[in-house]
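Okay, so here's the structure we're looking at.
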Amino acid sequence: MTEKEMIKISIEEFSRLQKYMILTDDKKSSAYIEMKDRYIELKIILTSFGINLTELDKIKE
């Protein structure tokens, strides 16, 4: 997998995950906590690629 493919997949997953997080009513549920962990991992991955998350990050946690 090329770096560009990895970035594309990570951005798509990051966007999709944020939609799920926004739709979740119970922010203390185990599902939300797992989503938040992945959200943080993806933020780290994207930041390490030099992606500016200002426009992409809807959660801002």
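The values are calculated or read from the model by the stated rules, or taken from the named source; none is laboratory data. Just so it is clear, the structure is predicted and the values come from calculations on it, not from any experiment. A quick note on method: Cβ atoms are made from the backbone with ideal geometry, for glycine too, and the neighbour counts reach across all protein chains shown. Calculation scope for accessible area: heavy atoms of the full protein, side chains included, ligands and nucleic acids excluded. Shrake-Rupley method; radii C 1.70, N 1.55, O 1.52, S 1.80 Å.
For E34, only one of the following conditions fails: (1) in contact (Cβ under 8 Å) with a residue 12 or more places away in the chain; (2) open to solvent by 50 Å² or more (accessible area, probe 1.4 Å). What is its number?
Of everything listed in (1) in contact (Cβ under 8 Å) with a residue 12 or more places away in the chain; (2) open to solvent by 50 Å² or more (accessible area, probe 1.4 Å), E34 misses just condition (1).
Mind checking which residues of region 43-57 are under 10 Å from the mean Cα position of the chain (by Cα) and either under 11 Å from I7 (Cβ atoms) or exposed (fewer than 13 other Cβ atoms within 10 Å of the Cβ) (or both)?
Hits for region 43-57 are I44, I45, L46.
Test of understanding: among K19, K27, K43, which residue is modelled with pLDDT under 95 and not hydrophobic (A, V, I, L, M, F, W, C)? Talk me through it step by step, then tell me what you get.
Working: K19 fails: modelled with pLDDT under 95; K43 fails: modelled with pLDDT under 95.
Just one listed residue meets the conditions, K27.
Report, by residue number, each residue of region 1-31 that is exposed (fewer than 10 other Cβ atoms within 10 Å of the Cβ) and among the hydrophobic types (A, V, I, L, M, F, W, C).
Within region 1-31, M1, I22, L23 meet the criteria.
Go through region 1-48 and count every residue that is under 14 Å from E61 (Cα atoms) and of a type in the set (A, V, I, L, M).
Residues flagged as under 14 Å from E61 (Cα atoms) and of a type in the set (A, V, I, L, M) within region 1-48 amount to 8.
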